[in-house]
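Read the structure below first, then the notes.
Computed from the coordinates by the stated procedures, all read-outs in this text should not be read as laboratory data. As the structure is a prediction and not an experimental result, all values here were calculated from the model. Glycine gets a Cβ as well: all are built from the backbone with ideal geometry, and neighbour counts include every protein chain shown.
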Amino acid sequence: MIVLGAILLIIGLVVGVSLLTTVGGVLVVVGAILWILGATGRKVGGRKHYF
């Protein structure tokens, strides 16, 4: 999710499409939050690890 968000963020910045930039930024933030929660051992959505 973080990689997809980064790709969309870069494409949005290069092309100048603000919608892609916004969606990419949201995906990066949500992916980072889920990654941190999963790394601390906290269950996310009923799963111990979020991939």
Would you calculate the separation in nanometres between label points at Lys43 and Leu13, each defined as 7 Å from the Cα along the Cα-to-beta-carbon direction?
3.8 nm
³J(HN,Hα), Karplus 6.51/-1.76/1.60, whole Hz, each residue of the range 4-20, x for Gly, Pro
4, x, 5, 5, 5, 5, 5, 4, x, 6, 5, 7, x, 9, 5, 5, 5
For the pair Val3 and Leu34, what calculated FRET efficiency results from E = 1/(1 + (r/R0)^6), where r is the Cβ-Cβ distance and R0 = 22 Å, to the nearest 0.05?
0.95
